[in-house]
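This report concerns only the one structure given below.
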Amino acid sequence: MDEQYDVIVMGTGLTECILSGLLSIEGKKVLHMDRNDYYGGESASLNLSQLFKKFRDGEAPTANLGKDRDYNVDLIPKFMMANGELVKILTHTDVTRYLEFKLVAGSYVYREGKIAKVPATEMEAVRSPLMGLFEKRRAKKFFEYVQTYRQEDPTTHQGMDMAITPMDAVYKHFALEAGTIDFIGHALALHLEDSYLSRPALETFERITLYMSSMARWGKSPYLYPLYGLGELPQGFARLSAIYGGTYMLDKPVDEIVYEDGKVVGVRSGSETAKCTQVICDPSYAPDKVHKVARVIRAICLLRGPIPNTDGVDSFQLIIPQNQVQRQNDIYIAGVSASHNVCDKDHYLAIVSTVIETENPQQEIEPGLALLGPIVDKFVSIVDICEPVHNGTKDQVFVSKSYDATSHFETVCDDVKDLYKRITGNDLVLKQRLTQEEEQKEMAGQ
Amino acid sequence: MSNSRQGATQQPQPAGKLFQFKLVLLGESAVGKSSLVLRFVKDQFDDFRESTIGAAFLTQTICLDDATTVKFEIWDTAGQERYKSLAPMYYRNANCAVVVYDITQSSSLDKAKSWVKELQRQADPNIVIALAGNKSDLSARRVVETEEAQAYADEAGLLFFETSAKTATNVNELFTSIAKKMPLDMLANPRPRGTGLNARGVDLNRDSKEVGCAC
């Protein structure tokens, strides 16, 4: 590894792998290393023995769980918004070619002690128990307003400017009930807590629009999930990077980031030092350059079957809005199963997660665990959500953010774009890889 | 490297049933994995070819008979094998594999054997594996005898060819015999499970409400 590179990337999480791929396409010489012997870092999907190694200190997996290779257990619970940024990055880079996706079967919300489906069609909306008849009419007016509102076109504003009007004023204007506000803010706009109410409404409008357009793209739910688990995503971008000349080293401990005159000049592993002018890494490779912004608890649960009251679906998102359980942060449950090639056919996987508010985080996820039915086994982690202290332009060491508590990849993509801009000085403009497309056509004999 | 010329080998119009398979290449660095593919797909050879840049995978079709066409989607390692960093995604759902060694490097056969073991452990149990002893044009520098490799291939149940990407010797034969060995009659559906990209899921490149999941 004693060579000169443009960029050394440490950690093979999704953020790092996307950047590695994008920079390799642009002709940068990239060395990408990971201390683990598997891809994905914090966003990996693990087989049973890797899972037990990580959570049970090397204990052998319980025998009746099935075959090791049938399992790809995600460490973080996230889905892809069908119309979101990650899908755009995947299609523009052609990484879709390496992956298969399935729609998540349903999105649910917890309300007054019951689980209700988030309506996916107009018919479901009409029948939904989530709102009374008159409230449905008011909500309809609200959604029509959101859908026609264009910031650049004042004729759509009806006298309110969403760039300055706080969201709670908009709710008040449409006279929506507290339960409806909970539903819109948490199940559609996917806010984790209620601070958005006092912020300008435009942000929430954009989130609602993303949810609606994602739902409209394929029907059923706004979420997509890659077969074999989320860990396939970093692997796909790593392959993209490798195809454009990126060098990959797994199972490679990193001992030191080497500086000269306050700027990074290389990375040392044992007696070898690879030279570079820029470093990109996840927070675990630069603990002195990050600070903690929150703590998250995640409980990976192995189940015997689909969770009760979700129509027996093979995959779902269930949101418990904070107000429903007297909290400040929502509790999320993400469920996937054998039809996504993430566990054997006799099991289901669910991850219950939330932002920690108290000294007893295990207690905080109880309302979520209580909805799962019998739990075969449970792997709990409490992690710090970290962000870089500096933007990296001074020493050219660019640290990504931890994967946060949101249920999708939008904030990951924001971080990718932000890092890209700081690293290259340019905005990320996604270009379709036309040459590849043309080559495929030629190969297909067209 | 010019890459725009049309391949001179098979360019059949698919007739009858089209079977699509994922084929992965494995083997030590510099044994000629990419060169074999380049010869097969584009009928080209480049003496000073370095590692593969820019190709996600290449495709090539073989007409077995009037009613049967086999399309290979050929995945290259893209150099990720060099530091033992090949992603599990690489051989996931692979229907067939070409494990390549260099007849002038005896260590490359050992490496090939370990790849075969890895495939038998990780990949689909029905995977068809072919062993290719490449660089057969360099017979003066040969260190791996044909009989030795043949004996190993027979014992492990592999197809075996000595090939030369440079002279094109046995390259088409290698891929054609893989196509013939694919269990086509067991596959009632011409796009069997896991062989067509996005065959089971949602195609992100298509912007419609159509949902391809068959469950």
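No lab work stands behind these numbers, since they all come straight from the coordinates. On a predicted model such as this, the values are computed, not experimentally measured, just so you know. Cβ coordinates were reconstructed from backbone atoms using ideal geometry, including for glycine residues, and neighbour counts include every protein chain displayed.
Please state the relative contact order of the stretch A:282-399 as a whole percent: Cα pairs under 8 Å, 6+ residues apart?
Values: 225 pairs, mean separation 46.6, N = 118.
RCO, the stretch A:282-399: 40 percent.
Of the listed peptides B:96-109, B:122-135, A:143-156, what is their order by residue-averaged count of other C-beta atoms within 10 Å, with the highest listed first? Write out the running numbers ahead of the final one.
Numbers: B:96-109: 22.7, B:122-135: 20.8, A:143-156: 12.6.
By packing density, highest mean first, the sequence is B:96-109, B:122-135, A:143-156.
Equivalent-ellipsoid semi-axes (√(5λ), Cα gyration tensor) for the protein assembly as shown, whole Å, largest first? Don't skip to the answer; put the middle values down first.
Details: eigenvalues 421, 160, 122 Å².
Those come to 46, 28, 25 Å.
Residue-wise, which Karplus ³J(HN,Hα) couplings in Hz belong to the stretch A:56-73, taking 6.51 cos²θ - 1.76 cosθ + 1.60, θ = phi - 60°, and x for glycine or proline?
In residue order, the calculated couplings are 10, 6, x, 4, 6, x, 4, 5, 7, 7, x, 6, 3, 6, 6, 9, 9, 8 Hz.
Out of every Cα pair in the stretch A:264-405, what percent are spaced more than 20 Å from each other?
Working: 5841 of 10011 pairs.
Counting every Cα pair in the stretch A:264-405, those more than 20 Å apart make up 58 percent.
Pick from A:PRO200, A:PRO306, A:PRO226: which residue has the top mean-square fluctuation in a GNM of chain A where Cα pairs under 10 Å get a spring?
Comparing A:PRO200, A:PRO306, A:PRO226 in the GNM, the peak value goes to A:PRO200.
Express in whole angstrom the spacing between the alpha-carbon centres of the stretch B:85-147 and the stretch A:332-403.
If you average the Cα positions of each part, the centres end up 40 Å apart.
Where is the GNM fluctuation largest for chain A (alpha-carbon springs, 10 angstrom cutoff): A:HIS173, A:HIS291, A:HIS186?
Sorting by GNM fluctuation, first place goes to A:HIS173.
Going by how many other Cβ atoms sit within 10 Å of their own, how do A:MET80, A:MET131 line up, fewest first? Let's see the in-between values first.
Numbers: A:MET80 24, A:MET131 19.
Going from least to most buried by this count: A:MET131, A:MET80.
Exposure proxy check: B:SER29, A:SER337 ranked by fewest other beta carbons within 10 Å? Could you put the intermediate results ahead of the total?
Values: B:SER29 13, A:SER337 22.
Going from least to most buried by this count: B:SER29, A:SER337.
What percent does the relative contact order of the stretch B:17-186 come to when contacts are Cα pairs within less than 8 Å and at least six residues apart? Mind showing how you got there, number by number?
Details: 313 pairs, mean separation 44.7, N = 170.
So the answer I get is 26 percent.
According to the Cα gyration tensor, what semi-axes, each the square root of 5 times an eigenvalue, does the equivalent ellipsoid of the stretch B:17-186 have, listed from largest to smallest in whole Å?
Working: eigenvalues 98, 64, 60 Å².
Gyration-tensor ellipsoid for the stretch B:17-186: 22, 18, 17 Å.
Given contacts defined as C-alpha pairs under 8 Å and at least six residues apart, what's the relative contact order of the stretch B:118-181, whole-number percent? Let's see the in-between values first.
On the way: 61 pairs, mean separation 24.5, N = 64.
Computed over the stretch B:118-181, the figure is 38 percent.
Of B:LYS17/B:LYS71; A:LYS78/A:LYS378; A:LYS88/A:LYS289; B:LYS111/B:LYS135; A:LYS292/A:LYS421; A:LYS141/A:LYS172, which ones are farther than 20 Å apart at the Cα? Please list the in-between numbers first.
On the way: B:LYS17/B:LYS71 10 Å; A:LYS78/A:LYS378 18 Å; A:LYS88/A:LYS289 31 Å; B:LYS111/B:LYS135 16 Å; A:LYS292/A:LYS421 23 Å; A:LYS141/A:LYS172 13 Å.
With Cα atoms farther than 20 Å apart: A:LYS88/A:LYS289; A:LYS292/A:LYS421.
Of A:ILE423, A:LEU65, A:CYS281, whose Cα points farthest to the positive end of the dipole of chain A (charges on the beta-carbon: +1 Lys, Arg; -1 Asp, Glu; origin at the Cα centre)?
Sorting the options by dipole projection puts first A:LEU65.
Applying the Karplus parametrisation 6.51 cos²θ - 1.76 cosθ + 1.60 with θ = phi - 60° to the phi angles of the stretch A:425-430, what ³J(HN,Hα) value in whole Hz is obtained for each residue in order, glycine and proline being reported as x?
x, 10, 6, 6, 10, 7
Pick out which of A:GLN362, A:GLN158, A:GLN328 has the largest mean-square fluctuation in a Gaussian network model of chain A, springs linking Cα atoms closer than 10 Å.
Checking each option, the largest mean-square fluctuation is seen for A:GLN158.
Residues of A:230-238, mean number of Cβ from any other protein chain within 10 Å of their own Cβ, rounded to a whole number?
3
Arrange A:ASP34, A:ASP255, A:ASP404 by Cβ neighbour counts within 10 Å, fewest through most, would you?
Values: A:ASP34 29, A:ASP255 12, A:ASP404 18.
Lowest count first: A:ASP255, A:ASP404, A:ASP34.
Only helical DSSP H runs with n ≥ 4 go in: add -39500 (n - 2.57) per run for the protein assembly as shown, normalise by residue count and round the 222 nm mean residue ellipticity to 500 deg cm²/dmol.
Details: 18 runs with 178 residues, N = 661.
Helix contribution divided over all residues of the protein assembly as shown: -8000 deg cm²/dmol.
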